[in-house]
Amino acid sequence: MFESLRAVPADPILNLSVLYRQDTNPNKVDLGVGVYKDEKGHTAIMEAVSRAQERILFEENTKAYVGIAGSKQFCDLLAQVTLGADHNVLADKRVAVAQTPGGSGALRVLAEFINVAKPGATVWVGNPTWANHIPIMQSAGLKIKQFPYYDRASKEVDFDGMLATLTADTQAGDVVLLHGCCHNPSGADLTLEQWQTTAELVKAKGLLPFVDIAYQGLGEGMDEDAAGLRLMANLVPEMVIASSCSKNFGLYRERTGAAMIISSNPEHAILTQSQMNGVIRANYSMPPSHGALAAETILADPKLKQMWRDELKTMRKRIKDLRSQLVDAIKAEGIEQDFSFIERQKGMFSFLGISAEQVDQLVNKHSVYLVSSSRINLAGLNQHNIAYVAKSIAAVL
Ligand code: PMP
């Protein structure tokens with residue numbers, strides 16, 4: 001049975017990590033994989049998470065299943081974090097929530113849920129988008145189409161192109177996948193005015209907005225980063241949201257996230273919860289507990305919550321500072337090409353906007369590792385390597 005199988009192409013980002021580890025150049029820099037790193041280049045456990053884990057170690061008294069939709073308290077608290085505690089869709093009991101294995105698990109559950117509601121529905125994704133969006137949606141049976149998103153010339157969102165395509169080419173019942181904040185890979189986010197315009201279009205055309213929020217708190221702030229999706233939720237009757245705790249709680253390997261479905265009324269919310277639970281039951285049956293229990297412990301305790309918010313603020317500020325410092329360091333190399341867009345973009349990623357050949361030289365000649373699209377993870381920079389990275393970029397331009 002297996003002889004007809006061909007190997008799946010290696011993930012280019014994960015492949016880059018292998019090459020990085022094998023590189024013996026003492027100046028090597030990893031700007032590839034999308035995890036947050038501190039000044040020492042370490043992806044540390046957040047202090048609030050360590051405290052929560054200590055508490056769990058003492059207080060947890062069972063390893064019985066958590067239930068198909070996970071912990072009710074986690075679901076309630078994460079919905080409040082994402083939507084804002086006072087959002088009318090929560091007050092109106094229009095939201096169904098399930099704890100999922102990471103944001104990826106939420107994306108898959110929601111994609112399968114959509115495929116139950118409308119088999120073979122079309123999902124519009126931006127060009128470019130997070131590479132894994134496409135296989136996740138397709139594996140669930142959905143069709144993919146693309147709208148223009150990032151303009152490589154202006155280094156801004158191609159909002160006119162996006163609107164034109166979504167206006168002309170979508171049909172009622174199509175799904176539009178949007179990044180809540182800190183767009184991966186471009187770092188270019190919609191402004192609030194653009195969210196408003198998109199929400200009006202989505203409503204007028206009867207589209208279903210699908211918002212993936214994986215970096216809440218790493219752009220401008222917990223509330224600021226979710227303002228666009230909250231506005232959208234105010235305006236449209238139905239919407240789905242995949243929320244990840246991987247980055248903002250640093251819980252990557254614990255696989256923690258939530259899938260949220262907003263319906264037009266509370267009766268439909270009960271229905272959608274049961275359908276979502278059906279999808280989960282037939283897939284992995286129940287989510288893992290530990291990461292969600294840690295996140296819930298933090299969110300339910302005012303002191304731990306404040307500690308977590310402060311740590312997240314430090315991370316956010318570090319990324320912002322690195323953005324400005326990289327722009328300055330490139331300028332200091334005498335480069336006239338304008339890189340100031342890096343300062344305007346949000347979250348961990350930006351495209352340098354250089355060619356694949358130039359990326360190749362950065363990797364192979366200078367041991368500065370980044371993806372061939374020229375996406376860099378800003379958090380891989382630090383005070384020891386930033387001048388070296390700027391010098392290397394200058395050398396390949
Ligand atoms: N969405 C986007 C845009 C992402 O970048 C990521 C992680 N790279 C995810 C979702 C999923 O994250 P996780 O499954 O690790 O929570």
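Numbers at a glance
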| quantity | calculated |
| --- | --- |
| All positions within the range 348-372 that are farther than 17 Å from Leu19 by Cα and touching a strand residue (DSSP E or B) at 6+ places or on another chain (Cβ under 9 Å) | Met348, Phe349, Ser350, Phe351, Leu352 |
| Which listed residue is touching a Cys at 6+ places or on another chain (Cβ under 8 Å) and under 30 Å from Leu293 (Cβ atoms), from Ile241, Ile213, Ile136 | Ile213 |
| Some residue of the range 195-204 being under 17 Å from Gln345 (Cα atoms), in contact with a Leu (Cβ under 7 Å, 6 or more places away or on another chain) and open to solvent by 20 Å² or more (accessible area, probe 1.4 Å) | no |
| Meets criteria (touching a Lys or Arg at 6+ places or on another chain (Cβ under 8 Å) and surrounded by 13 or more Cβ atoms within 10 Å (Cβ to Cβ)) for Leu166 | yes |
| Condition check for Gly103: touching a residue at least 12 places away in the same chain (Cβ under 8 Å) and part of a helix (DSSP H, G or I) | yes |
| Residue in the range 124-135 that is outside any helix (DSSP H, G or I), more than 14 Å from the ligand (Cβ to nearest atom) and either surrounded by fewer than 23 Cβ atoms within 10 Å (Cβ to Cβ) or not polar (S, T, N, Q) (or both) present | yes |
| Residue check, Val97 open to solvent by less than 80 Å² (accessible area, probe 1.4 Å), touching a strand residue (DSSP E or B) at 6+ places or on another chain (Cβ under 9 Å), among the β-branched types (Val, Ile, Thr) and within 16 Å of the ligand (Cβ to nearest atom) | yes |
| Subset of the range 1-54 (residues that are exposed (fewer than 13 other Cβ atoms within 10 Å of the Cβ), at pLDDT below 95 and in contact with a Ser or Thr (Cβ under 9 Å, 6 or more places away or on another chain)) | Pro12 |
| Test set (1) touching a strand residue (DSSP E or B) at 6+ places or on another chain (Cβ under 6 Å); (2) within 16 Å of the ligand (Cβ to nearest atom) - Ala79 fails condition number | (2) |
| Tally, over the range 275-307, of residues that are buried (at least 21 other Cβ atoms within 10 Å of the Cβ), more than 19 Å from the chain's Cα centre (by Cα) and assigned to a helix (DSSP H, G or I) | 9 |
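Yes or no, residue by residue, for (1) under 20 Å from Gly70 (Cβ atoms); (2) of a type in the set (S, T, N, Q):
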| position | (1), (2) |
| --- | --- |
| Leu251 | yes, no |
| Ile262 | yes, no |
| Ala269 | yes, no |
| Gly278 | yes, no |
| Asn283 | yes, yes |
| Gly291 | yes, no |
| Ala294 | yes, no |
| Lys317 | no, no |
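The values are calculated or read from the model by the stated rules, or taken from the named source; none is laboratory data. From a predicted model like this one, the values you see are computed outputs, not experimental measurements. All Cβ positions, glycine included, derive from the backbone under ideal geometry; neighbour counts span all protein chains shown. Accessible surface areas use protein heavy atoms only, side chains included; no ligands, DNA or RNA. Shrake-Rupley method; radii C 1.70, N 1.55, O 1.52, S 1.80 Å.
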